[in-house]
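Heads up: the structure comes next, in C-alpha cells.
The values are calculated or read from the model by the stated rules, or taken from the named source; none is laboratory data. These numbers were taken from a predicted model, which means no experiment stands behind them. We work out accessible area using only protein heavy atoms, side chains counted, and drop any ligands, DNA or RNA first. Shrake-Rupley method; radii C 1.70, N 1.55, O 1.52, S 1.80 Å.
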Amino acid sequence: MKLFIILGALNGFIAVALGAFGAHGLEGKIPDKYLETWQTAVQYQMFHAVGLLVLGLLAGKIDSPLINWSGCLMLIGIILFSGSLFVLSVTQIKVLGAITPLGGVSFLVAWVLMIIAAYKYL
C-alpha cells in the first residue's frame, strides 16, 4: 500500500530531522535526562518508520485488514509514544509520560498483527 510507504518514509525523514535537532539544538538547553528521552523518541519513531515501510511492501503481497490495522496502530504508536516523549522532553511536564505506554501497546499490537498476517498469508 502506497500510503504506508509514504508514511514510513515521511516518519523516517522526521526522525532524522528531530534527531539532529535534539543533538544540536537541544544540547545544553534541556537536562541530559530529557535529551536521552528525546533520543528514545527518535529511535522508536525510526524503528516504526521502517515497520511502516515493511507493511507497505507486505500490502502488495497480502490483502488482509491485518496489514491495514497494523499500519494504523504503528502510526498511532508513533504519535502517542514518540510524540508524548518529544513534548515531555521540552516541557518537562511529567504527567505526559502517562500517554507513552498507550503508544507502546499500539506498537506491540501492530507487530503482533504483522506476525499473524505473515504467518497466515505468506
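How much length is gained if the chain between V16 and C72 is pulled fully straight, taking 0.36 nm per residue apart and subtracting their Cα-Cα distance, in nm to one decimal?
Computed gain between V16 and C72 is 18.0 nm.
Helix 65-77 sits at what angle to the longest principal axis of the chain, using alpha carbons and giving 0 to 90 degrees rounded to 10?
0 degrees
For V95 and D63 in the same chain, what is the full-extension length gain: residue separation times 0.36 nm, less their Cα-Cα distance, in nm?
7.5 nm
Sequence neighbours fewer than 8 away in the same chain don't count; with that in mind, list the aspartates and glutamates whose C-alpha is under 19 Å from K2.
Cross-link targets: D63.
List the relative contact order of the chain as a percent without decimals, with contacts defined as Cα pairs under 8 Å and 6+ residues apart.
Relative contact order for the chain comes out at 29 percent.
In whole angstrom, note down how far apart the Cα centers of the range 45-122 and the range 10-32 are.
Each part's Cα centre sits 20 Å from the other's.
Would you work out what percent of the accessible area of the chain, with all protein chains in place, is carbon or sulfur (probe 1.4 Å)?
Carbon plus sulfur share of accessible area: 74 percent.
Quick check on the chain: take the gyration tensor over C-alpha atoms, sort the square-rooted eigenvalues as a ≥ b ≥ c, and tell me if it's rounded (a/c under 1.5), prolate or oblate.
prolate
If the cut-off is a Cα-Cα distance under 25 Å, which lysines reach K33, setting aside same-chain residues fewer than 8 apart in sequence?
K94
Among the lysines, which have Cα under 19 Å from the Cα of K120 when same-chain residues fewer than 8 positions away are ignored?
K61
Would you tell me the accessible area of Y121, worked out with a 1.4 angstrom probe on the heavy atoms of the protein chains, in Å² to the nearest 10?
We get 110 Å² for Y121.
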